[in-house]
Amino acid sequence: MRAMMLSRPTPVDESPLSIQDVSLPAAGPGEILIRVRACGVCHTDLHIVEGDLPSQKTPLIPGHQVVGVVEQVGAGVSRFMLGDRAGVPWLFASCGVCAMCRVERENLCEQITFTGYHVDGGYADFMVAKADYAYRVPDQFDDLSAAPLLCAGIIGYRSLRLSEIRPGGRLGLFGFGASAHLAIQVARHWGCEIFVFTRGEEHRRLARALGAVWVGGVEDRVPAALDSAVVFAPSGQVVIAALARLRRGGTLAINAIHLDRMPAFDYDLLYWERTMRSVSNSTRKDAEEFLSLAAAIPIRTHPVAYRLEQVNEALQALKRGSISGAAVLDLTDVEG
């Protein structure tokens with residue numbers, strides 16, 4: 001099968017992923033083999049490829065927003081049948097027995113493993129997934145449209161929940177990439193008043209089209225203090241700018257698996273019982289809730305399609321911030 005392989009972390013401008021012919025994997029007990037039809041290209045993939053996150057496996061097939069068809073079912077699997085459509089997210093597996101797993105907080109499991117990071121992911125014709133950590137894909141979404149839901153959507157939904165935004169509240173979104181442009185649709189569904197902070201003019205146009213009441217940069221003045229905010233940009237400076245926009249008692253959720261550096265800041269920005277918290281991965285409950293909500297709204301994901309062998313170009317565009325919507329690899333062109 002074809003796979004885009006990372007031999008070692010390298011800047012994406014050097015096109016580090018190469019197409020290789022590798023052996024077809026097989027589903028073991030509790031697993032399913034999926035023929036990949038679409039795979040989203042995520043900012044986390046960029047951090048993995050460039051080495052911002054410590055390497056866990058080399059060589060590696062990245063990719064963790066996977067939609068495909070079940071081709072093989074391992075022993076003990078009853079959740080899926082041959083021919084079912086399945087979605088695979090960032091969370092590949094957790095231990096299931098630790099204190100966090102026992103209270104449905106498997107996102108904090110110390111034995112947690114991630115798709116396309118600890119194990120090979122979806123930048124390939126086939127991949128293996130744990131059946132209990134894969135999901136039914138709502139029929140409302142075609143393969144390309146569904147792929148961004150599996151990480152950008154799920155983690156954006158968790159970030160909204162951790163920001164403690166209430167229906168009708170005033171919400172700030174800092175950065176407006178793939179995750180934020182899905183989160184804004186959930187927040188609008190909840191009747192929130194949304195302020196978007198982003199630099200790119202294309203991103204600003206999309207934010208306005210999706211219902212933002214105010215769009216500008218982090219340096220701009222806003223007409224009112226925010227009840228809650230979510231930072232999507234991997235920048236400590238942006239975190240401080242977001243904190244400065246919160247009302248007393250407001251909450252800031254940081255949706256970033258990697259942050260460049262948190263600069264020193266005045267304690268007055270955190271005083272008055274403001275809360276600042278990280279968002280770490282997601283749970284299976286998050287995924288189930290979000291996929292159901294995404295179908296009910298329904299969310300539009302605005303996929304920008306690339307072929308498998310164009311993944312380096314997709315990552316380069318992601319790094320430049322030139323993708324308006326969500327980059328998705330389309331693997332349907334080679335299916336037999």
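Between 173, 162, which is buried (at least 16 other Cβ atoms within 10 Å of the Cβ), touching a helix residue (DSSP H, G or I) at 6+ places or on another chain (Cβ under 8 Å) and not assigned by TED's automatic domain parsing to the domain that holds residue 292?
Values: 162 fails: touching a helix residue (DSSP H, G or I) at 6+ places or on another chain (Cβ under 8 Å).
From the options 173, 162, the qualifying one is 173.
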Count - residues of the stretch 12-24 that are outside any strand (DSSP E or B), within 25 Å of the chain's Cα centre (by Cα) and surrounded by 14 or more Cβ atoms within 10 Å (Cβ to Cβ): 2
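Going through the stretch 212-234 one residue at a time, which ones are closer than 17 Å to residue 178 by Cβ and either touching a helix residue (DSSP H, G or I) at 6+ places or on another chain (Cβ under 6 Å) or not hydrophobic (A, V, I, L, M, F, W, C) (or both)? Don't jump to the end; show me each part of the working.
Going residue by residue through the stretch 212-234, those that are closer than 17 Å to residue 178 by Cβ are 212, 230-234.
Scanning the stretch 212-234 gives 230, 231, 232, 234.
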Residue identified as under 30 Å from residue 102 (Cβ atoms) and not β-branched (Val, Ile, Thr) among 282, 322: 282
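It is to be established whether one or more residues within the stretch 247-254 are aliphatic (A, V, I, L, M) and in a loop (DSSP other than H, G, I, E, B).
no
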Some residue of the stretch 314-321 being among the polar types (S, T, N, Q) and either under 17 Å from residue 15 (Cα atoms) or part of a helix (DSSP H, G or I) (or both): yes
Matching residues in the stretch 208-223 - criterion: being in a loop (DSSP other than H, G, I, E, B) and either touching a Ser or Thr at 6+ places or on another chain (Cβ under 7 Å) or farther than 26 Å from residue 278 by Cβ (or both): 211, 213, 221, 223
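Being buried (at least 17 other Cβ atoms within 10 Å of the Cβ), over 20 Å from residue 187 (Cα atoms) and touching a residue at least 24 places away in the same chain (Cβ under 8 Å): is that true of residue 261 here? Spell out the reasoning first.
On the way: buried (at least 17 other Cβ atoms within 10 Å of the Cβ): no; over 20 Å from residue 187 (Cα atoms): yes; touching a residue at least 24 places away in the same chain (Cβ under 8 Å): yes.
Criteria not met by residue 261.
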So residue 38, is it touching a Leu at 6+ places or on another chain (Cβ under 6 Å), farther than 14 Å from residue 115 by Cβ and part of a strand (DSSP E or B): yes
Residue under evaluation residue 113, criteria (1) touching a residue at least 60 places away in the same chain (Cβ under 8 Å); (2) surrounded by fewer than 19 Cβ atoms within 10 Å (Cβ to Cβ); (3) in contact with a Phe, Trp or Tyr (Cβ under 8 Å, 6 or more places away or on another chain), criterion not met: (1)
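Just checking, which of 68, 28 is in the same structural domain as residue 319 (by TED's automatic domain parsing) and part of a strand (DSSP E or B)?
Details: 28 fails: part of a strand (DSSP E or B).
Being in the same structural domain as residue 319 (by TED's automatic domain parsing) and part of a strand (DSSP E or B) holds for just one of 68, 28, which is 68.
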Meets criteria (among the β-branched types (Val, Ile, Thr) and touching a strand residue (DSSP E or B) at 6+ places or on another chain (Cβ under 7 Å)) for residue 12: no
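The values are calculated or read from the model by the stated rules, or taken from the named source; none is laboratory data. Quantities reported herein were computed from a predicted structural model and do not represent experimental measurements. Quick reminder, even Gly has a Cβ in these numbers, built from the backbone with ideal geometry, and neighbours come from all protein chains shown.
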